[in-house]
Every structure is written in structure tokens, then in C-alpha cells.
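Here is the structure we will look at, set down as C-alpha cells.
The values are calculated or read from the model by the stated rules, or taken from the named source; none is laboratory data. Small disclaimer: the values here were computed from a predicted structure and weren't measured. All Cβ positions, glycine included, derive from the backbone under ideal geometry; neighbour counts span all protein chains shown. These area figures cover heavy atoms from the full protein model, side chains too; ligands, DNA and RNA do not enter into them. Shrake-Rupley method; radii C 1.70, N 1.55, O 1.52, S 1.80 Å.
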Amino acid sequence: MVQPFPMMTRWILQLLGATPDAGTEIARASIEFRGALGWGGWLFWTSLLGAFVYWTYRLSPVHLGRGRRLGLTGLRCLFLSLLLLLLLRPVAAFTVEGSVRRLLVVLFDNSASLKIPDPRVTPEDQKRAAIARGVLNPALGLNQPLAAADVQSVSRLTRLDLVRSVIENPRLDLLPRLGRQFDLAAYEFGQGVGEIAAGATPPGETNGPSGATLAADWAGRLDARRNSTALGDSLREVANRKRGQPLAGILLITDGANNSGSPPLEAADRLKSEGIPLYAYGVGLTAPRDVIVGSLFAPEVTFVQEEMEVTVRVRGQGLAGEAATVKLQLGDLHQEQPIRFTGTGEQVVSFRIIPPREGEFELQASIDPRGDEAVTDNNSRKQRLKVIDARIHVLLVDEAPRWEFRYLQAMLLRDRRVQLKCFLAEGDPSISRTENSPYISSFPSRREELLKYDLVILGDLDPRFITPVQQEYVNELVSKFGGALLMVAGRRHTPQAYRRTGLYSMLPVEFEGASVDTSLPSGGGDHPIALELTGAGRSSPILRLDDNEARNREIWQQMPPIYWVSKVSRPKPAAEVLLVDPDPARESRFGKMPVVALQQYGLGQVMFVGTDNTWRWRKNVGDAYYTAFWGQLVQRLALPRLLGGNKRVQITADRQSYLAGDRVTLYARLYSTAFEAVQEPVVKGRFARRAAPGGAASPSTEVLLRPMADQAGLYRGEFIAGAPGDYQFTVDLDPNSPLDLSVVEPQFELGDTAMNEPLLRQMAQATGGAFFREEDLHRLPDLLSSKTEKVRSPLEVELWSSPLVFLFLLGVATLEWVIRKLSYLK
């Protein structure tokens, strides 16, 4: 039976020279003997010496009474027997049980979703808020009345106010009670993890680091400033920081939102494997009434009088059966569509609009706010849209009319945005002489002829048909004038035949100059190849076949297979790989073999498509995915040149719209008035809000652009996107050639306003922890204490060498001596 050390026992142990730790308990106690003399020897010598003592006291003078003689005999025998007992080396052996003081990590969600003022309309939610505020007794839970006067004060508290109230609530006394048992360390998280406070907490202290001062300090450091939540990544990071320390667990205080990083359940599995329980306190409402415009999907650039599809995703949380109207506005254009919320996930609303004129506009999708919503900031989505009045000039080049050439040519001829010219090396020369023919008789031989094109699509063409001078013109088109080159691989020549040509340095992939595969028919081989999206491919607008990311991944996973890919070695360092061949047999030490890759080359872009089988994606679906892929690809490659404006100052960015806090990377190709490349070591640029018509100019921020090695006239600069708004970037060499950019406020945290209780419960259960609401939090310290592991350790006191034992022997001997003196004995 385990029992605590009583005060007397502790006092005796201290006299014996042993001091047990505070908080330890006795699990077992015994007397053990460690001497060489056995019990038989001790009994023999004790009997012998006892008989001798008895005999000597029988010879004492006759005036010594019988009682005193027996008493002196007993004292002498006791003294000698205890002396002999010391030869047995007696030891008092205890097994003591105690707990190691461990660390409890408190991890606070500090993302913007904690600013949500939840509308608490049910009595249960109102009582939970009242418990957090200290209005109601935490120990009585929800089975207590709430005064009507208190309902109003708790009905619209933000989640952040709730968290602050919980940790500062003296009736709940959460941090002081935890601090008496554990060392506490606090962190806040959003996209990353930041330390709030850490360190040992003195046991039992309630007014120091574990009491009101600590609670107020922690509460004051929470401000809900982070714009996204990476719950899984944050748990991994905290576990990594505390690896090797004895952890009692992690107390997670969050609403369960997760909109970036790794899946939280994977992080929970890792915590389980490391023996770290997760205790989750869920903040917020499980089903607040809220209208959410989740996404607005439209191109950033479109063309005048070109029909454009706009997809809006909306969700009515807690509003099943309620009606609403989705509104779309582009300049003077207005469209509306009525919907009825289903209450089961997102609903897709599609609009088709035709921009009547060129210019820059704000495209907005919205639903009018309701009075009972949790938040209204997520009732609309905005996007900048640029409408241009131009056509994309494309040069399609191939040697023979292979299947890829035929389908691609037909698609481009149907696209009203595209002005197509084709060069077919093995084609009959007469096809270029017919009226309105898309064909030309030869690859452009003059520089000015080639520079008319925005995009050159190079198919399976023998390099002999493109002279080195013409290849240099292609290089200039891309690097100096913002055009684009797209190489579509073939079995006869591309890309291997271009290994030692001037175009090789432009391509985003590396390959050996091996012979190409001509053994297969033009349709391909027998082995199906299902291409795989990379991380960059999943986020690329070129490969976006559905506005929903999960549905887009599903489409690519179900895409009909191709039957041939060109063998390449690796992507170049600056390349962005979008699609790969997942076959391990084609992997290299650099990873899976790239099939579709893109890279910036000077002011323009170069893309490599390592298959001539994309026409097979038409199987069972017609042109839907094939046209979307090639249409988006052509527009993405050609737009930088179409939007380039001044050819002497050409500024490009990777996209038109950024989130506040994003890093913006710019490239500028700069020429002097004589069209010679600028050679300055540093060029100054300016980033400022776009001034309203007739308004004063806004203050600008200076950005330094520095030259890029081996690319004359090309400069690169970076800055951080500031507050939301419309901006312009200019260089001091020519302030009249601006690049327009927009910065928008991230709305990740308003995409789902409900507290994700199922996820938090699942994570806590998986790790051996528990999930709590406000009515349960008072049980948390006791639950953690009950799960504290006990550590047993031996405690031994050597009685044979203890001063206390020798004092006792001295006392026995002294008592005998005193009695002998009183009896007039020597």
C-alpha cells in the first residue's frame, strides 16, 4: 500500500541521515542485513555473552537485590546484543514513489479567425461564454441558470475574448492549478509558431509565474494577427522544439481551423508515436449561421467581346433551406442568380459575361449580409480583371502533320483570341499560297518578321530548318522582348537533336544528345503513362481544369493515360516542374522525370512539353480538358508580351494579384534611348498606391533592382506587398511605363467560421488526450494529474553506522553505569 511519509517518519529519517524528496510516498519498507555474520553466529555469541554476564552478576555482593541484579543483567545483555547486531550491518530499506516534474506546452491559436464575434443564441452557448467569463461556477457546468441581465454581455464575445477570459478566470484557476504540477511553456501559432513564455514554475506558487501575473501576460500577448492557420505544421514544430524533454502533453487552444500546411491528423499520429497526449480546448460555435462566398474563379486577363466564365462557390452555414441571391458585378455589368442553401457543403454558381471594352476593372461576387451572421467580411470576393483589345500571335512549327499538330492547330484556329500561322517543313509549298491560308512557306528569316509573334510553338522539327541566326532571333524574342517559346517533344528530333544548338540554353530541362526513339508508331507505345501533378502543378493556373482544388486533382488522377514521353535527365535549377512521370524506372537522383516544365528566360518564358500524346486526353470527354489545357497554356505564355507596353522598359511579375505580406519578385528588361542594354549596377524603382483620377499621388517605397548575371539589361528586385489596395511599380528610368499590381487581404480564416469539433476530438482521441469545452475545463488539471506517471526509487538508511544508533547504545551503557553507581558497584 502506497502512503505518504508522515511528519514523524520524515524527522526520524533525517536524524538517520536520509532526506526524502518532497511529494514522495512510501511504497514498501523493510529491514535488511548486509553483514558477513549470519543469524546463527549472532545467536551463538549473544547466548554465550549473555550467559557470561549472568554468571558475573551472580557473583555480585549480596546487598544487591534480585530485581536490580536482573535489571543490570538485562541492560548489559542488551548492550552486547546490539553491538553484535551491528556486525550484521542492518539497513532500513524503503521503496519510495514520486512523480517527475514534467513540462506542459500550452499552444494558443493566434489566427484572425479568433476575432470572429460568434452570435450565441442557444442557452448552452451562452452559458459556456458565461463560464469562461467567470459569471457562472465552472464546476456546475451547464446545469445552472444564467440571469437575463448577463445574456447580453456574453452573446457577441469574440473568440479571442473568450480565450483571454478562460486563462484569467480566478474561479476556474486554470493556470495556477496546472502550474502547481507542471512546468509551463506557452506558444502562439498561425502559419508559424512563436514563443510566448517558457520556464520552470515553482511548485505551489499562485501569484508568480503560474498565477495571475502569468495569465495576464499571456493574455496580453494574444492579438489574433496571423492570416492563416497551419495546425498540423505547428504541432510538429512544437514537438520538435521540445524533443528530449519530459512532456506531460500539449494543451491546444483553438477553433480547429486549418487552411495551410500538412494535415492535422498526420501530426496527431506523430504525437501518438512519441507518446505526447493532446488536450484540445475548442473555442467557438460548432454551427454558427453564416453566409460564405468561398471563392471567385476567373482569369486575371481576358479579351474584349470574349465570353468569359466566372465561377463562384458559396456556402450557407446553418442556413439549410434559406434563399439568397448571388450578385456579380464588373464595371457597369450586373448579373444575379438566386440560390437556396442546401446546408451540405459548397454550391457552385456559374456566370458568363462578355466584357464590352478594354481597361482594368474590379470583378466582385457578393451576397447581401444577414443580421444573424457570425461575420459579414466573408460575404464577398473581389478580383482585379484586365481586359485587353488584342490577339495572340502564335507561330506553330512542325516537320510533319503528326496527331498532336493536327489537334493543336484545329484548337488554335477555333480560338478567336489567337492569330495563328503555321510552318510545316514537309508540307506542300502550295498550301501557303491559298487564300486566307494559315500556313507560311518557311520559318521567318528576318528578325522583324519573327518579332511579330508572341509565342513560337516548336514541334518535332529538324534543327536544319532553323539556322543559327534564326535561333538567335528566337532567343531575342523571348529574352529581350518578352515573347515565349514552347517546345513540344517528338520522336524524330525534339528535344535531343537540339542538344548542341543555340536553343538548348533556353530550355527548362537538361538531356543527353542521344538518338531519339523512332521505333514507335506516331500514336505511341503499349505502356500507359498516367502523369502526376507536382506541388507547383497543383497551384498553376495552366493546369487548373476545375476551380475546386480537390476536384482538379481528381480530374488529373483520372485523366486518360498517354503512351510516350521524351527522356530527359533533370530540370534546370530555375525551372518549375508541373507534371512528372511517376514511373520509378525513369527516376534519376534528381527525382521523378519532368514531363512539363517552365522557366523564366530573360523577360519571357520557355516551356517544355515532353510528350506528343496530349491529344489522348480527349478520350470520352471531347475537347473539354484538351482545349482548357492548351488555351490556358498559350494565354499564360503570351500575356507577358501582350501586357509589356513600352518595349524599352519591360517590367514583369509572376502574377497580377498578391496577398498582403507576400513577397513580390519583379524582372525588368531595360534599354537606353538608343535601345542598348542598360549597364547600371543598381536601378531604382518605386512601389506606390495607384492615385485616383485627379487625386494626389501617394507616398512611394523605393525598391532597388540589381542586374542578373549573363543577361545584359535584365534586372531583378523584391519587396513585400503592403496593405490591400491597387498599386503601380515604376522604374526611375521611365516613370511613364508602370506595372499595375493589386494587393488583397487574405480571407483564409473566414472560409469556415465553425469550430471544427470533430477534427479536434479525433486528434485528441488518437493521442490519448481529451477534448474540452468550457464546462469541462475545470476537470483538466485533475485529469492531467491522474495520468502522471509514477517513478519508484530505492531509499536505504544504514542503521549500523547511524549516529542515532550509537547514541542509543551509549544511552543503554550510561543507564547501566548510573544504576551500578547507585548500587555502589565498581
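So which residues in region 155-197 are assigned to a helix (DSSP H, G or I) and more than 23 Å from Leu285 (Cα to Cα), if there are any at all?
Step one: filter region 155-197 for residues assigned to a helix (DSSP H, G or I), giving 159-168, 174-179.
Correct list: Leu175, Pro176, Arg177, Leu178, Gly179.
Inspection of region 406-422 finds a residue satisfying the criterion of being at pLDDT below 90 and either among the acidic types (Asp, Glu) or over 28 Å from Pro299 (Cα atoms) (or both). Evaluated against (1) buried (at least 17 other Cβ atoms within 10 Å of the Cβ); (2) in contact with a Gly (Cβ under 9 Å, 6 or more places away or on another chain); (3) of a type in the set (D, E, K, R), Arg340 falls short on exactly one condition, (1).
The set of residues in region 764-773 being among the hydrophobic types (A, V, I, L, M, F, W, C) and over 23 Å from Ile131 (Cβ atoms) consists of Ala766 alone. Checked against the criteria, Arg76 counts as touching a residue at least 40 places away in the same chain (Cβ under 8 Å) and assigned to a helix (DSSP H, G or I).
Identify all residues within region 345-376 that are part of a loop (DSSP other than H, G, I, E, B) and open to solvent by 60 Å² or more (accessible area, probe 1.4 Å); write none if there are none.
Glu346, Ile354, Pro356, Arg357, Glu358, Asp368, Pro369, Arg370, Gly371, Thr376
Within region 507-550, being open to solvent by less than 40 Å² (accessible area, probe 1.4 Å), more than 29 Å from the chain's Cα centre (by Cα) and at pLDDT below 90 holds for Phe511, Val516, Gly523, Gly524, Gly525. In region 336-344, the count of residues that are touching a strand residue (DSSP E or B) at 6+ places or on another chain (Cβ under 7 Å), more than 24 Å from Asp752 (Cβ to Cβ), part of a strand (DSSP E or B) and without any contact (Cβ under 8 Å) to a residue 12 or more places away in the chain is one or more. For region 481-499, the tally of residues that are over 39 Å from the mean Cα position of the chain (by Cα) and either modelled with pLDDT of 95 or more or crowded, with 23+ Cβ neighbours inside 10 Å (or both) stands at 2.
Looking only at residues in region 306-326 that are in a strand (DSSP E or B) and over 20 Å from Asp372 (Cβ atoms), which one is farthest from the chain's Cα centre (by Cα)?
So in region 306-326, the residues in a strand (DSSP E or B) come out as 308-317, 323-326.
If we keep only those that are over 20 Å from Asp372 (Cβ atoms) as well, we get 308-313.
Working: Met308: 34, Glu309: 32, Val310: 30, Thr311: 27, Val312: 26, Arg313: 24 Å.
Selected residue: Met308.
Of all residues in region 382-422, those that are over 30 Å from Pro463 (Cα atoms) and open to solvent by 60 Å² or more (accessible area, probe 1.4 Å) total 3. Filtering region 585-604 to residues that are modelled with pLDDT under 90 and open to solvent by 10 Å² or more (accessible area, probe 1.4 Å) leaves Ala585, Arg586, Glu587, Ser588, Arg589, Phe590, Gly591, Gln599, Gln600, Tyr601. Of all residues in region 430-444, those that are under 15 Å from Gln409 (Cβ atoms) have Cβ atoms under 8 Å from Cβ atoms of residues that are surrounded by 13 or more Cβ atoms within 10 Å (Cβ to Cβ) and aromatic (Phe, Trp, Tyr), 6 or more apart or on another chain, in Ile431/Tyr439; Ser432/Tyr439; Tyr439/Phe423; Ile440/Phe423. Return the only residue of Thr627, Thr652 being over 22 Å from Thr534 (Cα atoms) and crowded, with 16+ Cβ neighbours inside 10 Å. That would be Thr652, the only listed residue that is over 22 Å from Thr534 (Cα atoms) and crowded, with 16+ Cβ neighbours inside 10 Å. Just one residue in the set Arg128, Arg58, Arg133 is of a type in the set (Lys, Arg) and at pLDDT below 85; that residue is Arg58.
Confirm whether Arg553 is open to solvent by 30 Å² or more (accessible area, probe 1.4 Å), at negative phi, of a type in the set (Lys, Arg) and touching a Leu at 6+ places or on another chain (Cβ under 8 Å). Yes. Could you go through region 115-134 and let me know if any residue there is at negative phi, surrounded by fewer than 17 Cβ atoms within 10 Å (Cβ to Cβ) and part of a helix (DSSP H, G or I). Yes: region 115-134 contains one or more residues that are at negative phi, surrounded by fewer than 17 Cβ atoms within 10 Å (Cβ to Cβ) and part of a helix (DSSP H, G or I). For region 139-154, the candidate set comprises residues that are of a type in the set (Gly, Ala, Ser) and open to solvent by 20 Å² or more (accessible area, probe 1.4 Å); within that set, the residue that is nearest to Tyr281 (Cα to Cα) is Ala139. Kindly provide the set of residues from region 155-183 that are open to solvent by less than 10 Å² (accessible area, probe 1.4 Å), in contact with a Lys or Arg (Cβ under 8 Å, 6 or more places away or on another chain) and at pLDDT below 90, ordered by number. Correct list: Phe182 only.
Among the residues of region 610-620, is any touching a Pro at 6+ places or on another chain (Cβ under 7 Å), within 25 Å of Leu413 (Cα to Cα) and assigned to a strand (DSSP E or B)? For region 610-620, residues touching a Pro at 6+ places or on another chain (Cβ under 7 Å), within 25 Å of Leu413 (Cα to Cα) and assigned to a strand (DSSP E or B): absent.
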